[in-house]
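Visitor: One structure follows; several queries about it will come next.
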Amino acid sequence: MLCRSCPDRWLRTLLLAGIVLSAPAAWSAPRAIQPFVAETWQELSVSARRPMVVVFSTTDCTHCPAVIDSLAASIHASRSAARLVVVVMDGAGQEQALRGDPHYRKANVLYAFDGDATALRFRINPDWRGVTPYVALIPAVGTTHFYTGAPPRDALQVLLRIPSGH
């Protein structure tokens with residue numbers, strides 16, 4: 001005998017499965033924007049137990065969204081344990097807009113500068129003049145490398161441990 005509620009039950013089961021399967025992507029998006037203060041860079045660079053890609057951006061940067069998207073896709077495709085951190089230099093006070101931006105939502109952690117931007121940039125890298133996107137590749141062990149714009153493919157491959165044939 002056929003159960004009249006079976007189609008409804010299947011529909012509910014499929015809907016629930018869709019929600020459960022899509023939930024990890026939503027959970028990985030940053031829930032809060034953290035303040036990036038003078039000590040933050042030291043904490044990030046010293047505490048890197050796994051590779052980290054840090055993108056410094058501004059809300060008016062035309063190239064930043066594509067760089068963030070590309071780096072997020074590379075990290076995801078590599079199945080690496082690397083984390084994507086985005087720091088919005090002019091994001092203080094714009095938390096709601098940042099949370100709604102689809103590019104920033106791809107970050108594992110999202111920061112906004114909190115303090116004198118020039119002093120914060122100098123603390124990160126004295127040679128950086130504020131051009132964005134500015135990308136730092138932080139390996140779990142080794143030296144941090146900085147790039148204005150997207151990092152070279154080979155540098156990202158080394159960080160994510162992707163074989164050079166890919």
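Readers should treat all values here as calculations from the given coordinates under stated rules, not as data from a laboratory. What you see is a predicted model; the values in this text were computed from it and never measured. Don't worry about glycine lacking a Cβ; one is built from the backbone with ideal geometry, like all the others, and counts go over all protein chains shown.
Visitor: Return the only residue of F113, F122 being aromatic (F, W, Y), more than 20 Å from H63 (Cβ to Cβ) and either more than 12 Å from the chain's Cα centre (by Cα) or surrounded by fewer than 21 Cβ atoms within 10 Å (Cβ to Cβ) (or both).
Guide: Values: F113 fails: more than 20 Å from H63 (Cβ to Cβ).
Sole residue among the options that is aromatic (F, W, Y), more than 20 Å from H63 (Cβ to Cβ) and either more than 12 Å from the chain's Cα centre (by Cα) or surrounded by fewer than 21 Cβ atoms within 10 Å (Cβ to Cβ) (or both): F122.
Visitor: Taking the condition of being farther than 9 Å from P51 by Cβ and surrounded by fewer than 19 Cβ atoms within 10 Å (Cβ to Cβ), how many residues in segment 71-85 meet it?
Guide: 5
Visitor: Report yes if D90 is within 25 Å of V46 (Cβ to Cβ) and of a type in the set (D, E), otherwise no. If you could, list the steps in order and put the result at the bottom.
Guide: Details: within 25 Å of V46 (Cβ to Cβ): no; of a type in the set (D, E): yes.
Considered against the rule, which asks whether it is within 25 Å of V46 (Cβ to Cβ) and of a type in the set (D, E), D90 comes out as no.
Visitor: Follow-up. Among T144, T132, which is the only one that is among the polar types (S, T, N, Q), under 21 Å from E43 (Cα atoms) and in contact with a helix residue (DSSP H, G or I) (Cβ under 9 Å, 6 or more places away or on another chain)?
Guide: Working: T132 fails: under 21 Å from E43 (Cα atoms).
Answer to the check: T144.
Visitor: May I ask you to list the residues in segment 62-94 that are under 16 Å from P151 (Cβ atoms), outside any helix (DSSP H, G or I), out of contact with any Phe, Trp or Tyr (no Cβ under 8 Å at 6 or more places or on another chain) and of a type outside the set (S, T, N, Q)?
Guide: If the condition is that a residue be under 16 Å from P151 (Cβ atoms), outside any helix (DSSP H, G or I), out of contact with any Phe, Trp or Tyr (no Cβ under 8 Å at 6 or more places or on another chain) and of a type outside the set (S, T, N, Q), then H63, A82, R83, L84 are the ones that fit.
Visitor: Here is a further query. Could you give every pair whose Cβ atoms fall below 9 Å, whose first residue belongs to segment 100-116 and is more than 17 Å from A38 (Cβ to Cβ), and whose second residue is surrounded by 16 or more Cβ atoms within 10 Å (Cβ to Cβ) and charged (D, E, K, R), counting only separations of at least 6 or pairs across chains?
Guide: A107/R83; N108/R83; V109/R83
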